[in-house]
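The values are calculated or read from the model by the stated rules, or taken from the named source; none is laboratory data. If you're wondering where the values come from, they're calculated on a predicted model, not measured in any experiment. Counting neighbours? That spans all protein chains shown, and the Cβs are built from the backbone with ideal geometry, glycine included.
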Amino acid sequence: MIDLSELKTGIIITDKTVILAVYVQPNARRTEFEKIHDDQLKLKVHAPPEDGKANDEIIRYLSDLFSLRKNQVEIVSGHLARKKRIQISFHKALRLEDLQKYFID
């Protein structure tokens, strides 16, 4: 389980939008969140970091995880970097506790 309350600046929740600071490790065995790394969520990604494949996998994984459409998940910074900011738009307002349930094994 990842405890999101440990993130100080790595998560911003405003009404129906969440912005996550994510550290990406490409070429992993499977795509999954691993732990908190330097106030960011560490996301292991199965895809390689070439031709946008890792970014596409991140969007697919997060949209599946949160049961959202792909256009509700957007990489807002760090497209070519391991450190990314990802904006997720939900249908209703969320609290940290609401988001936490997705990070329980």
Output the residue which, of all residues in the stretch 83-105 that are buried (at least 16 other Cβ atoms within 10 Å of the Cβ) and in a loop (DSSP other than H, G, I, E, B), is modelled with the highest pLDDT. Phe90
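Please verify whether the stretch 16-29 includes one or more residues that are of a type in the set (Ser, Thr, Tyr), under 19 Å from Arg95 (Cα atoms), surrounded by fewer than 14 Cβ atoms within 10 Å (Cβ to Cβ) and touching a residue at least 24 places away in the same chain (Cβ under 8 Å). Reasoning before the result, please.
Of the residues in the stretch 16-29, the ones of a type in the set (Ser, Thr, Tyr) are 17, 23.
Those left that are additionally under 19 Å from Arg95 (Cα atoms): 17.
Now restrict to residues that are surrounded by fewer than 14 Cβ atoms within 10 Å (Cβ to Cβ): none.
No; the residues of the stretch 16-29 include none that is of a type in the set (Ser, Thr, Tyr), under 19 Å from Arg95 (Cα atoms), surrounded by fewer than 14 Cβ atoms within 10 Å (Cβ to Cβ) and touching a residue at least 24 places away in the same chain (Cβ under 8 Å).
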Would it be correct to say that Val76 is crowded, with 19+ Cβ neighbours inside 10 Å, closer than 18 Å to Ile11 by Cα, in contact (Cβ under 8 Å) with a residue 12 or more places away in the chain and in contact with a strand residue (DSSP E or B) (Cβ under 9 Å, 6 or more places away or on another chain)? no
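Quick check, is Leu41 touching a residue at least 12 places away in the same chain (Cβ under 8 Å), in contact with a Gly (Cβ under 8 Å, 6 or more places away or on another chain) and buried (at least 18 other Cβ atoms within 10 Å of the Cβ)?
Judged against the criteria, Leu41 is a match.
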Looking only at the stretch 80-105, count how many residues are closer than 15 Å to Leu20 by Cβ and not basic (Lys, Arg). 13
